[in-house]
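Participant: One structure coming up, written as structure tokens, with questions to follow.
The values are calculated or read from the model by the stated rules, or taken from the named source; none is laboratory data. These numbers come from a predicted model, not from an experiment. Ideal geometry is used to build each Cβ from the backbone, glycine not excepted, and the neighbour counts take in all protein chains shown.
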Amino acid sequence: MARLRGRGMASVNYPTGMNLGGDPSQALIHATTTGNFVITLSSVDLGQGLKTIMGQIAAETLGIPYDNVMVDTADTDTGPHCMGTFASRATHRVGNAVIMAAREAREVMMQVAADELEVDAEDLTGDGKGRIHVKGSPEKGIGLVDLALAAHFKHGRTISGRGIFMKPKSDVDPETGAMDPDSAQAHACTVAEVEVDDETGEVSVLKLTNVYEVGRAMNPAMVHQQIVGGAWMGISHALYETTEPYYPDRAHGPLDFAEYLMPGPGDLAEMRSAVIERPAKNGPYGAKGIGEMTANSPIPAIANAIYDACGVRCDEMPITPEKVLRGLDALRGRAG
Amino acid sequence: MEELLTSHFADERGDPLMVVGTTVPRADARGHVTGRTQFYEDVTFPGMLHLKMVRSTRHHALIRAVDTAPAMAVPGVVRVLTHKDVPANWYTILRLIGVEPNDEPVLPEDRVLFLGEQICAVLAETPAAAAEGAAAVVVDYEDLPAVFDVEEALRPETPAIKPHGKNHFVYEGHHCRRIRFGDVEKGFAAADRIFEHRYQSSPIEHAPTETTGCIVKPEGSGRFTVHSNTQALFFTLDNMALILGLPFGKLRLVGGTVGGGFGGKVDVIVEPIATLAAMLTGRPVKYAYTRAEEMQVSSPRAAERIYIRDGVMNDGRIVARKVTLYVDAGAYSRHTPYGTTKAAAHMPGPYSIPNVHVDAHCVYTNRTPSSAMRGFGVTIGDFALEVQMDRIAEALGIDPFELRLINAYRDGDTKAHRKTVEGAALIEVVQEAARITGRGLPRRFQAMSSLTRETAHG
Amino acid sequence: MKQSPTKPSVVSLEVNGSPAHVMVAPGATLLAALRDGLGLNGTRKGCESGTCGACTVHLDGEATMACLCLVETLDDARVDTIEGLATSPEALHPIQEAFLEKFATQCGFCTAGMIMAAAALLAREPNPSREDVIVAISGNVCRCTGYEAIIEAILHAAAVMRRAGVSRAA
């Protein structure tokens, strides 16, 4: 009886966007008269943080503080069309639409500021803290509230913008499969260290080391959230989850969380991760999206680590204690 | 927090950014920690009816009769909706882009194809009355043979479970999605070693902490406001309008804050029938999945069976890869035809292999229809591909990191689906993972780069 | 005319420090009473079978799953929900602040239950070990975060509360 340790790795890539394209998203931006900007979408935040990221993208493009941006979503009466949140498309498509809308709004904003300050718009910059001023002369400037009021009440101009991003839909060659499936590819490599209990077949994932290439880490803390949450789901898929434990037999399908097993807070792996950025030319500030990829490389890395630990090669997910024990039995049987 | 490895691709990153790339607080967190975030079920309306679905207790059966009278006798039950009430009784994503065949009824007319399939909807004043009413409905089934295995489903002697006569989706005349790149048979003939293995997964549930559901409110204007946790508001609206025979402008979808989706809230299953109920009763209607329904009735990630046959040279180059992949769509298509194409596109993984042959099948069986889930078309494929790579590495006596680097795609390579590689970074993530975990790679592997394919002399 | 056999009754509770009288159907759970009867939606409904913890509240000071309590048996009980945790609209509870600071929320659906479970722990054990925290939240399912940030947030909140000398009966 022993606890056997092993290490395994896996490397993967992940496509950005709905397969074959044809999934546009739109965004609208308008400035209020109180110094804020509202981004109006019909996009859905599943908890991955779309509302935050879109706010950051708008703030960056407009040159204003993040705190001045509000994201209003989702209502099909007021929000322009969005295909939906799936296929790691939201940051990419909606982000690009927000940039386009923000650029239009910014152009108006800078022109109004230029008119107020009696300079050329090209001589102006946003300080990122709520003020537009002449480059090199911060004292010659105007705050966002004054700017918005001036635009609306004095100049009769709308500081607003419209945006859309669309990758045109393309088709697959039915004979060869030639196609253009994605807008970008993100990458990942995971090294897993596991411990296998050769009496119970239970596998503990001790440590995951992950390297991700994501185009642009839009918000480091939120990238961390996806990496950690995704890795947890990868462990869960690799070792526990199934709605049909005897697939293809449908018997004993779990009905609640007591029967549908997932790792709990006491089953966590130590994690160490690093991020590389290779900006996508067509991504918002180069972002490729990260929401789905993070569950994928841990799964085979764990399977390979189990093999390294105890010699059992599991070709079927989930790799349950039963499968490990049957594998060990087979090895022992072979050894006589 | 993650270490940002900035030495790679440094000249491809432009000016420093002010807000993007920084950690700002999440916009939604304060609502979450105070319990004030509004999810769809947090709205309620006076006079709201509760919908409880009567579900099939058989895997595959004809419906001889449905007796709803016992349900109507339960105090609090207001109405039972059957297929006769549904204006256009087809749910299929493919309708929106004009692709036939129509494949999934909103409420079945004459047969059920999976255990748990919805049959008729009981509407009542309270959830308890609705449940009691649903339990009282009597369905008279005539069992049909059920198919559970993907390869068995495709055998010519296995009866078709679909009205169009095939247990698979037809891709422009073919029985599968195909990738044909180079000549795998020539590649196998030239290879030093052949590796052939089978990989298998079973269905996996999204299991978000918030179950699928919606609340529909008839408005004074004659429109309907649908509070939903769908991941795709307009996709839901469009499908609903087609099913209900309503002008699109009559529907308003409100949502955008979801307690976990993972792909499980993309299909349009609860909104059409709940809105139909609101149309026919004139009252608000709530249709929320119980946890048991979420577990076994809402679509899971498809089970996949994947056969990989590789022709490999002793120096580690994979010269031919043949993938035969079966995606278990369950009883209805939903998004699986799309996901199967995505699975084919993902092959042969992030590697440049000169000869690639893929047959990706979308197969129907008598089980809960599968659909999108985090990593749709990719996650299970990655399991198979990377375990296969590990086998090859071990058999050839090549370090697993080095095997990946030898085969990794570079910018300018042609993928099996004939798109040119750009923005590659597989080499760099593998190199860094090796470095961080203390695996010192030989110089020639450390020198590799996604930007160029090194010459034969390294 | 069909007679409804289910006449509601009135249950009297103390909710977040104030008296609350709520009309409930026979067999109603505390969860239904809080959400449907009192409009306190912060207590979430995830499974109605006691296996996810999203409905965790404090019942007479103990962390309890509201979906498992028959509210008619709780006359005069003291119930505390997420809505009552902050001392004032401006001042969040240290656990709530810690969840913000440590990015311990994603979709947010499990969050209220997690915080209430944590609050019950810290009320009786101001210096919990990591293992104590794990045990305290082992009945709370999170599908998004992978738990690590939640554990860190709770330990951090405990440290903050100890430094402030605060001993809160949550």
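Participant: Give me the residue from region A:141-182 that is of a type in the set (S, T, N, Q) and outside the structural domain of A:MET109 (by TED's automatic domain parsing) and, out of that set, farthest from A:ASP127 (Cα to Cα).
Facilitator: A:THR176
Participant: So in region C:46-69, with the set limited to residues that are surrounded by 19 or more Cβ atoms within 10 Å (Cβ to Cβ) and in contact with a Leu (Cβ under 6 Å, 6 or more places away or on another chain), which one is farthest from B:THR290 (Cα to Cα)?
Facilitator: If we take residues in region C:46-69 being surrounded by 19 or more Cβ atoms within 10 Å (Cβ to Cβ) and in contact with a Leu (Cβ under 6 Å, 6 or more places away or on another chain), then C:CYS69 is farthest from B:THR290 (Cα to Cα).
Participant: Quick check on my filter: what residues within region A:265-280 are of a type in the set (Gly, Ala, Ser) and within 17 Å of A:ILE319 (Cα to Cα)?
Facilitator: Step one: list which residues in region A:265-280 are of a type in the set (Gly, Ala, Ser), which gives A:266, A:269, A:273-274, A:280.
The one that is of a type in the set (Gly, Ala, Ser) and within 17 Å of A:ILE319 (Cα to Cα): A:ALA269.
Participant: Specify the residue that is farthest from the other protein chains (Cβ to nearest Cβ); the eligible residues are those in region B:13-56 that are buried (at least 20 other Cβ atoms within 10 Å of the Cβ) and in a helix (DSSP H, G or I).
Facilitator: Selected residue: B:TYR40.
Participant: Follow-up question, since we're still on this one. How do the strands (runs of 3 or more DSSP E) wholly within region B:191-290 filter down when requiring 1 or more residues that are within 28 Å of A:VAL71 (Cβ to Cβ): which remain?
Facilitator: B:213-218, B:224-228, B:251-254, B:285-288
Participant: Something else now. Filter region A:228-262 down to the residues that are of a type in the set (Phe, Trp, Tyr) and more than 8 Å from chain C (Cβ to nearest Cβ), then identify the one that is surrounded by the most Cβ atoms within 10 Å (Cβ to Cβ). Show your work before the answer.
Facilitator: If we filter region A:228-262 for residues that are of a type in the set (Phe, Trp, Tyr), which is where we start, we get A:232, A:240, A:246-247, A:257, A:260.
Subsequent filtering for residues that are more than 8 Å from chain C (Cβ to nearest Cβ) retains A:240, A:246-247, A:260.
Values: A:TYR240: 18, A:TYR246: 11, A:TYR247: 22, A:TYR260: 24.
Here the answer is A:TYR260.
Participant: Just give me the residues in region C:122-145 being within 11 Å of chain A (Cβ to nearest Cβ) and outside any helix (DSSP H, G or I), in sequence order.
Facilitator: C:SER138, C:GLY139, C:ASN140, C:VAL141, C:CYS142, C:ARG143, C:CYS144, C:THR145
Participant: What number of residues in region B:423-441 are free of Cβ contacts under 8 Å to residues at least 40 places away in the same chain and facing chain A (nearest Cβ under 7 Å)? Even if it seems obvious, please write down each step before you answer.
Facilitator: Residues of region B:423-441 that are free of Cβ contacts under 8 Å to residues at least 40 places away in the same chain, as a first pass: B:423, B:427, B:429-431, B:433-438, B:440.
Then keep just the ones that are facing chain A (nearest Cβ under 7 Å); that gives B:423, B:429-430, B:433, B:436-437.
Going through region B:423-441 one residue at a time, the tally reaches 6.
Participant: Which condition number in (1) surrounded by fewer than 19 Cβ atoms within 10 Å (Cβ to Cβ); (2) without any contact (Cβ under 8 Å) to a residue 60 or more places away in the chain is the one that B:PHE195 fails?
Facilitator: (2)
Participant: Separate question: Checking the conditions here, which among B:PHE188, B:PHE248, B:PHE262 is modelled with pLDDT of 95 or more and touching a strand residue (DSSP E or B) at 6+ places or on another chain (Cβ under 7 Å)? First the steps, then the outcome.
Facilitator: Details: B:PHE248 fails: touching a strand residue (DSSP E or B) at 6+ places or on another chain (Cβ under 7 Å); B:PHE262 fails: touching a strand residue (DSSP E or B) at 6+ places or on another chain (Cβ under 7 Å).
The unique qualifying residue is B:PHE188.
Participant: Could you please find all residues in region A:110-146 being part of a helix (DSSP H, G or I) and of a type in the set (A, V, I, L, M)?
Facilitator: Within region A:110-146, the first condition is being part of a helix (DSSP H, G or I), and the residues that meet it are A:110-117, A:121-123, A:144-146.
A:MET110, A:VAL112, A:ALA113, A:ALA114, A:LEU117, A:ALA121, A:LEU144, A:VAL145, listed by residue number.
Participant: Are any residues in region B:323-357 closer than 15 Å to A:MET179 by Cβ and charged (D, E, K, R), and if so, which ones? Give the derivation first.
Facilitator: Quick first cut of region B:323-357, residues closer than 15 Å to A:MET179 by Cβ only: B:337-348, B:356.
Answer for region B:323-357, where residues must be closer than 15 Å to A:MET179 by Cβ and charged (D, E, K, R): just B:LYS342.
Participant: Any idea which of (1) more than 10 Å from every other protein chain (Cβ to nearest Cβ); (2) part of a loop (DSSP other than H, G, I, E, B) is the one C:GLU72 doesn't satisfy?
Facilitator: (2)
Participant: Exactly one condition in (1) on the phi > 0 side of the Ramachandran plot; (2) within 14 Å of chain C (Cβ to nearest Cβ) is false for A:GLY215; which is it?
Facilitator: (2)
Participant: Now, a different point. Inspect region B:95-110 for any residue being at pLDDT 95 or above and surrounded by fewer than 19 Cβ atoms within 10 Å (Cβ to Cβ) and give the result as yes or no.
Facilitator: Yes, the conditions are met somewhere in region B:95-110.
Participant: Additional query: Which condition does B:HIS59 not pass, out of (1) in a strand (DSSP E or B); (2) within 14 Å of another protein chain (Cβ to nearest Cβ); (3) of a type outside the set (S, T, N, Q), if it passes all the others?
Facilitator: With respect to (1) in a strand (DSSP E or B); (2) within 14 Å of another protein chain (Cβ to nearest Cβ); (3) of a type outside the set (S, T, N, Q), B:HIS59 is out only on (1).
Participant: So, in region A:198-211, how many residues would count as being outside any loop (DSSP other than H, G, I, E, B), more than 7 Å from every other protein chain (Cβ to nearest Cβ) and of a type outside the set (S, T, N, Q)? If you could, list the steps in order and put the result at the bottom.
Facilitator: Going residue by residue through region A:198-211, those that are outside any loop (DSSP other than H, G, I, E, B) are A:203-211.
Still in the list and also more than 7 Å from every other protein chain (Cβ to nearest Cβ): A:203-208, A:210.
Still in the running and of a type outside the set (S, T, N, Q): A:203, A:205-208.
The qualifying residues number 5.
Participant: Scanning region B:67-91 for residues that are within 33 Å of the chain's Cα centre (by Cα), at pLDDT 95 or above and buried (at least 20 other Cβ atoms within 10 Å of the Cβ), which turns out nearest to the other protein chains (Cβ to nearest Cβ)?
Facilitator: Applying the filter and picking the extreme gives B:VAL80.
Participant: While we're here: Among the residues of region A:147-185, write down those that are small (Gly, Ala, Ser) and in a helix (DSSP H, G or I). Explain how you work it out, then say what you get.
Facilitator: Step one: filter region A:147-185 for residues small (Gly, Ala, Ser), giving A:148, A:150-151, A:156, A:160-161, A:163, A:170, A:177-178, A:183-184.
Scanning region A:147-185 gives A:ALA148, A:ALA150, A:ALA151.
Participant: On the given criteria, is A:LYS154 surrounded by fewer than 16 Cβ atoms within 10 Å (Cβ to Cβ), charged (D, E, K, R) and more than 9 Å from every other protein chain (Cβ to nearest Cβ)? Steps first, answer last, please.
Facilitator: On the way: surrounded by fewer than 16 Cβ atoms within 10 Å (Cβ to Cβ): yes; charged (D, E, K, R): yes; more than 9 Å from every other protein chain (Cβ to nearest Cβ): yes.
Yes: the conditions hold for A:LYS154.
Participant: Which one is farthest from A:ALA301 (Cα to Cα) among residues in region B:403-422 that are touching a helix residue (DSSP H, G or I) at 6+ places or on another chain (Cβ under 6 Å) and within 7 Å of chain A (Cβ to nearest Cβ)?
Facilitator: So the first thing to find is which residues in region B:403-422 are touching a helix residue (DSSP H, G or I) at 6+ places or on another chain (Cβ under 6 Å), and the list is B:403-405, B:408, B:417.
Restricting the remaining residues to those that are within 7 Å of chain A (Cβ to nearest Cβ) gives B:404, B:417.
Values: B:ARG404: 13, B:HIS417: 26 Å.
Result: B:HIS417.
Participant: Collect the residues in region A:271-296 that are within 7 Å of another protein chain (Cβ to nearest Cβ), of a type in the set (Ser, Thr, Tyr) and farther than 16 Å from B:GLY14 by Cβ, keeping them in residue-number order.
Facilitator: Hit for region A:271-296 is A:SER273, nothing else.
Participant: Does region B:120-142 hold any residues that are touching a residue at least 40 places away in the same chain (Cβ under 8 Å) and more than 14 Å from chain C (Cβ to nearest Cβ), and which are they?
Facilitator: Passing the criteria: B:CYS120, B:ALA121, B:VAL122, B:LEU123, B:ALA134, B:VAL137, B:VAL138, B:VAL139, B:ASP140, B:TYR141, B:GLU142.
Participant: Give the number of residues within region C:12-27 that are facing another protein chain (nearest Cβ under 9 Å) and crowded, with 20+ Cβ neighbours inside 10 Å.
Facilitator: Selection size over region C:12-27: 1.
Participant: Here's something else I'd like to know. What's the total number of residues in region C:48-64 that are farther than 24 Å from B:ALA29 by Cβ and within 15 Å of the chain's Cα centre (by Cα)?
Facilitator: At the first step, the residues of region C:48-64 found to be farther than 24 Å from B:ALA29 by Cβ are C:48-51, C:59-62, C:64.
When the remaining residues are screened for being within 15 Å of the chain's Cα centre (by Cα), the result is C:48, C:50-51, C:59-62, C:64.
Number satisfying all stated conditions: 8.
Participant: Quick one: would you say C:GLU148 is within 12 Å of another protein chain (Cβ to nearest Cβ) and surrounded by fewer than 17 Cβ atoms within 10 Å (Cβ to Cβ)? Outline the logic, then answer.
Facilitator: Working: within 12 Å of another protein chain (Cβ to nearest Cβ): yes; surrounded by fewer than 17 Cβ atoms within 10 Å (Cβ to Cβ): no.
Spelling it out, it is not the case that C:GLU148 is within 12 Å of another protein chain (Cβ to nearest Cβ) and surrounded by fewer than 17 Cβ atoms within 10 Å (Cβ to Cβ).
Participant: Let me ask something else about it. Could you say which residue among A:GLY333, A:GLY289, A:GLY311 is under 23 Å from the mean Cα position of the chain (by Cα) and among the small types (Gly, Ala, Ser)? Talk me through it step by step, then tell me what you get.
Facilitator: Values: A:GLY333 fails: under 23 Å from the mean Cα position of the chain (by Cα); A:GLY311 fails: under 23 Å from the mean Cα position of the chain (by Cα).
Matching residue, one of A:GLY333, A:GLY289, A:GLY311: A:GLY289.
Participant: Now a separate question. Quick check on region A:188-195. Is at least one of its residues outside the structural domain of A:VAL119 (by TED's automatic domain parsing), acidic (Asp, Glu) and crowded, with 18+ Cβ neighbours inside 10 Å? Write out each step before concluding.
Facilitator: Let us first name the residues in region A:188-195 that are outside the structural domain of A:VAL119 (by TED's automatic domain parsing), namely A:188-195.
Filter once more, so that each one left must be acidic (Asp, Glu): A:193, A:195.
Of the ones still in play, those that are also crowded, with 18+ Cβ neighbours inside 10 Å are A:193, A:195.
Scanning region A:188-195, I find at least one residue that is outside the structural domain of A:VAL119 (by TED's automatic domain parsing), acidic (Asp, Glu) and crowded, with 18+ Cβ neighbours inside 10 Å, so the answer is yes.
Participant: A further question follows. When you go through C:ASN16, C:ASN41 one by one, which is the residue that is on the phi > 0 side of the Ramachandran plot and not assigned by TED's automatic domain parsing to the domain that holds C:ASN140?
Facilitator: Numbers: C:ASN41 fails: on the phi > 0 side of the Ramachandran plot.
After ruling out the rest, the residue left standing is C:ASN16.
Participant: Sort out which residues of region A:51-90 are touching a helix residue (DSSP H, G or I) at 6+ places or on another chain (Cβ under 6 Å), more than 9 Å from chain B (Cβ to nearest Cβ) and over 15 Å from A:PHE37 (Cβ atoms), and write them in order of number.
Facilitator: A:ALA90 - this is the single residue of region A:51-90 that is touching a helix residue (DSSP H, G or I) at 6+ places or on another chain (Cβ under 6 Å), more than 9 Å from chain B (Cβ to nearest Cβ) and over 15 Å from A:PHE37 (Cβ atoms).
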